[in-house]
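Structure provided below as structure tokens; questions to follow.
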Amino acid sequence: MMKRPLPPEWTGWLAQHVPFYPDLAGEVRERFLRYLRAFVWDKHFFGAGGLEVTDEHRVVIAAAAVRLVLNLDLSYYDNLTEIIVYPHDYHHPDNEAVILGEAQHWGTVVLSWTAVLDGMANPRDGHDTALHEFAHVLDVADGAFDGTPELHRGGDYRTWARVMSKEFLKLRHDAPRRKTVLREYGATDEAEFFAVASETFFEQPGQLKEKAPELYDELKRFYRVEP
């Protein structure tokens, strides 16, 4: 499968929709494209709400997923089996809340295509729906949505717990009172905190490093990248 050539239209979609793609070069770009192929060809994509899934949907969504694990490993997505794509935001039948995306513990991610594109189009606003939901997938890879993905070493957990707990409680205290570097939605619970912090880490790294240096360092250690 990995020896199949990259369809030429893929690079056009990446250039059009994925703002970080042009910055990738050399071995990093090669690894990105290798992971991208594997994700697109291994995961099952389904349309909902009248959307017919195309390769453009698959490639752009896969790019968001691969961005998170580019310096990790695709095995973080082993339990992810399917991605369901709506053309726009959607509702659950029993709830009027507008939903842009969600991740389920049984291996499904649901995304609004317009939200995916909006997140990509604004790469510095700290809000990227696809990145957020795939961060949840990394979180649940160890079996629970608890804000702690599977870390690299046993000794990493103590510092992670201390820093994440401190910053989560700080966001809960500060967000209702003044503007914070992390979106207030991250104060919902520990799982949302990790997903929101991941969005901020990749989209507003300079601000996060300045405002919450310990949190920045923990995410840098986990993702093995300095964005």
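For region 74-120, give me each residue that is part of a helix (DSSP H, G or I) and without any contact (Cβ under 8 Å) to a residue 40 or more places away in the chain. Give the derivation first.
Within region 74-120, the subset part of a helix (DSSP H, G or I) is 74-77, 113-120.
Scanning region 74-120 gives 74, 75, 114, 115, 118.
Let me ask another. Would you pick out the residues in region 45-73 that are free of Cβ contacts under 8 Å to residues at least 12 places away in the same chain and more than 17 Å from residue 117 (Cα to Cα)?
Correct list: 73 only.
Table: residues versus (1) over 20 Å from the mean Cα position of the chain (by Cα); (2) closer than 23 Å to residue 133 by Cα; (3) of a type in the set (Gly, Ala, Ser).
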{"position": "7", "(1), (2), (3)": "yes, no, no"}
{"position": "12", "(1), (2), (3)": "yes, no, yes"}
{"position": "26", "(1), (2), (3)": "yes, no, yes"}
{"position": "46", "(1), (2), (3)": "no, yes, no"}
{"position": "50", "(1), (2), (3)": "yes, yes, yes"}
{"position": "56", "(1), (2), (3)": "no, yes, no"}
{"position": "70", "(1), (2), (3)": "no, yes, no"}
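Among what's in region 88-142 and is among the polar types (S, T, N, Q) and closer than 18 Å to residue 48 by Cα, pick the residue that is surrounded by the fewest Cβ atoms within 10 Å (Cβ to Cβ).
95
Given the structure, is residue 67 part of a helix (DSSP H, G or I), under 20 Å from residue 222 (Cβ atoms), in the same structural domain as residue 134 (by TED's automatic domain parsing) and at pLDDT 95 or above? Show your work before the answer.
Numbers: part of a helix (DSSP H, G or I): yes; under 20 Å from residue 222 (Cβ atoms): yes; in the same structural domain as residue 134 (by TED's automatic domain parsing): yes; at pLDDT 95 or above: yes.
So residue 67 fits the description; yes.
Of all residues in region 175-223, count the ones that are of a type in the set (D, E, K, R) and under 18 Å from residue 161 (Cβ atoms).
Total meeting the criteria: 8.
Let me ask you something else. Anything in region 1-40 that is in contact (Cβ under 8 Å) with a residue 24 or more places away in the chain, among the basic types (Lys, Arg) and either crowded, with 18+ Cβ neighbours inside 10 Å or in a helix (DSSP H, G or I) (or both)? List them, or say none.
Within region 1-40, 31, 34, 37 qualify.
I need the full set of residues from region 87-117 which are under 17 Å from residue 65 (Cα atoms), in contact with a strand residue (DSSP E or B) (Cβ under 9 Å, 6 or more places away or on another chain) and not β-branched (Val, Ile, Thr), in order please.
Of everything in region 87-117, those that are under 17 Å from residue 65 (Cα atoms), in contact with a strand residue (DSSP E or B) (Cβ under 9 Å, 6 or more places away or on another chain) and not β-branched (Val, Ile, Thr) turn out to be 100, 101, 102, 103, 104, 107, 111, 112, 113, 115.
Filter region 177-191 down to the residues that are in contact (Cβ under 8 Å) with a residue 40 or more places away in the chain and in a helix (DSSP H, G or I), then identify the one that is nearest to the chain's Cα centre (by Cα).
191
The values are calculated or read from the model by the stated rules, or taken from the named source; none is laboratory data. Computed from a prediction, not measured in an experiment: that's the story for all the values here. Ideal geometry is used to build each Cβ from the backbone, glycine not excepted, and the neighbour counts take in all protein chains shown.
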